[in-house]
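The values are calculated or read from the model by the stated rules, or taken from the named source; none is laboratory data. Quick caveat, the model's predicted, so the values are computed rather than measured. When we count neighbours, we look across all protein chains shown, and the Cβ atoms used for this are built from the backbone with ideal geometry, even at glycine.
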Amino acid sequence: MSEEWKKVAAPASISNLGPGFDVFGMALEEPYDLVCARRCDEGVSVVSMEGLGSEGLPSDPSENSAAIAAAEVLRRCDADFGIELRIMKGIRPCSGIGSSGASAAGGAYVANLLCGGILGETELVLCAAYAEEVTSGGLHADNVAPSLLGGFTMIRSYAPLEVVKVAPPQNLGVTVVMPDVEVSTKEARQVLPSEVPVRDLVFHVGNASCLVHAMMTGDLDLLGRSVKDAVFEPARAHLVPHLNDAKDAARSHGAKAAFLGGSGPCVISFFDRSMMDGSGIAAAVRDVYLENGIDCQTWITSPGAGCREV
């Protein structure tokens with residue numbers, strides 16, 4: 001059994017956004033992975049994989065995030081067929097902008113297309129989050145939720161899963177600078193504290209609440225003041241060289257906020273698109289790394305839609 005390939009674009013995403021560890025996420029317009037699929041007689045297989053960092057990714061379907069998510073969709077749909085996958089990575093693994101999450105979201109989304117769109121949004125997020133749990137060692141949906149649904153998402157609860165989505169401000173610009181440093185999600189989660197002081201909890205609740213208000217009202221100044229993290233980014237800072245210098249450079253060139261994307265090493269900056277194009281911010285952060293002998297990639301982008309058929 002085989003049929004025409006279906007192709008899905010699965011966008012990168014930012015998680016945490018300061019105070020929202022494992023809760024906040026936002027889809028980006030670019031970069032994105034392409035996940036293609038067609039029916040076969042049985043099983044799930046990865047028949048080809050290319051693009052950024054693809055040579056280091058597992059093709060074994062029990063270890064590949066797109067394949068794991070696709071298989072979970074087939075199981076929930078009680079499908080009587082299998083799927084062949086082709087994956088084109090536009091998001092480097094160990095980047096901090098949801099590389100495995102994008103592949104998982106794309107695998108779940110394209111498998112659901114082949115199943116006739118049986119599963120709803122929450123079930124799709126669960127399928128993709130299951131893949132993240134297998135590949136990264138922890139259940140988290142803060143990347144797969146925005147990658148699937150688009151916009152700014154919040155995980156209200158994991159048991160049961162409840163995701164709330166809001167539209168980010170139209171003038172919110174995002175720069176992404178990815179230094180040539182790899183930080184694995186598993187490694188980054190291992191350095192996190194198991195307990196936090198009450199004062200840090202209060203700090204995070206206050207900033208997280210104001211960040212959501214700023215997203216919904218378009219107050220970019222308040223948004224910038226609310227992207228604060230007293231616990232998780234400080235614990236991971238030693239994994240990303242020159243992080244504080246990069247953040248200082250972004251702010252000095254007009255960024256409303258500068259912070260570590262997910263587990264890193266990407267440095268994310270927010271800016272007002274009605275006032276600047278973000279190129280000065282991206283160049284300033286890039287120069288910090290180039291001056292220290294570290295190459296990097298940059299994107300100037302914006303909040304984006306979720307997975308889509310192309």
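Could you say which residue among T185, T153, T175 is surrounded by 22 or more Cβ atoms within 10 Å (Cβ to Cβ), among the β-branched types (V, I, T), farther than 26 Å from V285 by Cα and touching a residue at least 40 places away in the same chain (Cβ under 8 Å)?
So the residue among T185, T153, T175 that is surrounded by 22 or more Cβ atoms within 10 Å (Cβ to Cβ), among the β-branched types (V, I, T), farther than 26 Å from V285 by Cα and touching a residue at least 40 places away in the same chain (Cβ under 8 Å) is T153.
Looking at the structure I just gave you, is E50 farther than 30 Å from L211 by Cα, surrounded by fewer than 17 Cβ atoms within 10 Å (Cβ to Cβ), among the acidic types (D, E) and modelled with pLDDT of 95 or more?
yes
Take the conditions crowded, with 24+ Cβ neighbours inside 10 Å, aliphatic (A, V, I, L, M) and on the phi > 0 side of the Ramachandran plot and apply them to L17. Does it pass? Lay out the reasoning, then the answer.
On the way: crowded, with 24+ Cβ neighbours inside 10 Å: yes; aliphatic (A, V, I, L, M): yes; on the phi > 0 side of the Ramachandran plot: yes.
Answer is yes for this residue.
Look through G262, G254, G293 and report the one residue that is surrounded by 22 or more Cβ atoms within 10 Å (Cβ to Cβ) and assigned to a loop (DSSP other than H, G, I, E, B).
G262
Could you please find all residues in segment 53-70 being in contact with a helix residue (DSSP H, G or I) (Cβ under 9 Å, 6 or more places away or on another chain) and surrounded by fewer than 24 Cβ atoms within 10 Å (Cβ to Cβ)?
As a first pass, look at segment 53-70 and keep what is in contact with a helix residue (DSSP H, G or I) (Cβ under 9 Å, 6 or more places away or on another chain): 53, 57-70.
Result: G53, L57, P58, S59, D60, P61, S62, E63.
Cβ contacts < 7 Å: first residue modelled with pLDDT under 95 and in a strand (DSSP E or B), restricted to segment 22-42; second residue of a type in the set (D, E) and buried (at least 21 other Cβ atoms within 10 Å of the Cβ), any location; separation 6+ or different chain. Result?
Every condition considered, the pairs that remain are D22/D142.
How about segment 117-162: which of its residues are among the charged types (D, E, K, R) and under 16 Å from the mean Cα position of the chain (by Cα)?
Once the filter is applied, which keeps residues that are among the charged types (D, E, K, R) and under 16 Å from the mean Cα position of the chain (by Cα), segment 117-162 yields E132, E133, D142.
Picking from G107, G116, which residue would you name as being farther than 20 Å from V183 by Cβ and part of a loop (DSSP other than H, G, I, E, B)?
G116
For (1) part of a strand (DSSP E or B); (2) at negative phi; (3) modelled with pLDDT under 95, each residue gets a yes or a no:
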| residue | (1), (2), (3) |
| --- | --- |
| K165 | yes, yes, no |
| P169 | no, yes, no |
| V177 | yes, yes, no |
| V183 | no, yes, yes |
| R189 | no, yes, yes |
| L192 | no, yes, yes |
| E195 | no, yes, yes |
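So which residues in segment 195-218 are free of Cβ contacts under 8 Å to residues at least 40 places away in the same chain, more than 22 Å from the chain's Cα centre (by Cα) and surrounded by 14 or more Cβ atoms within 10 Å (Cβ to Cβ), if there are any at all?
V196, D200
Which condition does A237 not pass, out of (1) part of a helix (DSSP H, G or I); (2) surrounded by 14 or more Cβ atoms within 10 Å (Cβ to Cβ); (3) modelled with pLDDT of 95 or more, if it passes all the others?
(3)
Just name the residue that is surrounded by the fewest Cβ atoms within 10 Å (Cβ to Cβ) out of those in segment 71-97 that are aliphatic (A, V, I, L, M) and closer than 30 Å to L260 by Cβ. Can you show your working first?
Residues of segment 71-97 aliphatic (A, V, I, L, M): 71, 73-74, 79, 83, 85, 87-88, 91, 97.
Restricting the remaining residues to those that are closer than 30 Å to L260 by Cβ gives 87-88, 91, 97.
On the way: I87: 27, M88: 18, I91: 27, I97: 25.
In this case the residue turns out to be M88.
Only one residue in D245, D229, D200 is at pLDDT 95 or above and either assigned to a strand (DSSP E or B) or over 29 Å from E133 (Cβ atoms) (or both). Which one?
Unique residue meeting the criteria: D245.
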